[in-house]
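Worksheet for the structure shown next.
The values are calculated or read from the model by the stated rules, or taken from the named source; none is laboratory data. Here the structure is a predicted model, which means the values were calculated and not measured. A quick note on method: Cβ atoms are made from the backbone with ideal geometry, for glycine too, and the neighbour counts reach across all protein chains shown. Note: accessible area is taken over every heavy atom of the protein model, side chains too, but ligands, DNA and RNA are not part of it. Shrake-Rupley method; radii C 1.70, N 1.55, O 1.52, S 1.80 Å.
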Amino acid sequence: MQNDCRNIYRAARNVAGLTQERAAEMLGISVRSLADYETGVRTPPNEVVNDMVMCYNSQLLAIQHLRASAEAARKILPEVRAMRLPEAALTLIDAIYDFADDRLDRELIDIARDGVISEDERPRFERVVEKIRTITAAAMAVSCATEK
């Protein structure tokens, strides 16, 4: 886990434009502790990460930390990469149009109508779900996008 998230805390602090000293002061922790979190020597407790998310104004950090620290989160939360707002918005719109162009809304209605996913429907359902995951990741990227 430590290697998975070794730079996400530093990256979020840097995007926020804070020095280690200022960030540590705002978080109420020592500079040494912050340095340990940023180099992967130690994993910050969830309470500290929550404070980082608030101080750094970084929803992306929350997603990255959850994915790095919990297997269940990796299965549920999509991987979200940092994007500027225009790129994130265009990625989301493109994913939505791709879903509609492929008429996957109709596929989902057809599959779900009887409340059962049959064996012959399973591949179609998996395709729909994969496209929904793409839309979800894109939507989360918009909510985490930077304006700069």
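Structure values in brief
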| quantity | calculated |
| --- | --- |
| Matching residues, segment 6-31, being surrounded by 15 or more Cβ atoms within 10 Å (Cβ to Cβ) and part of a loop (DSSP other than H, G, I, E, B) | Arg6, Leu18, Ile29 |
| Residue, farthest from Tyr97 (Cα to Cα), within segment 115-148, restricted to residues that are in a helix (DSSP H, G or I) and polar (S, T, N, Q) | Ser143 |
| Residues that are in a helix (DSSP H, G or I) and open to solvent by 20 Å² or more (accessible area, probe 1.4 Å), drawn from segment 37-47 | Thr39, Asn46, Glu47 |
| Qualifying positions in segment 92-135 - open to solvent by 60 Å² or more (accessible area, probe 1.4 Å) and among the polar types (S, T, N, Q) | Thr134 |
| Selected residue (criterion: nearest to Glu130 (Cα to Cα)) from residues of segment 50-91 that are open to solvent by 40 Å² or more (accessible area, probe 1.4 Å) and small (Gly, Ala, Ser) | Ala72 |
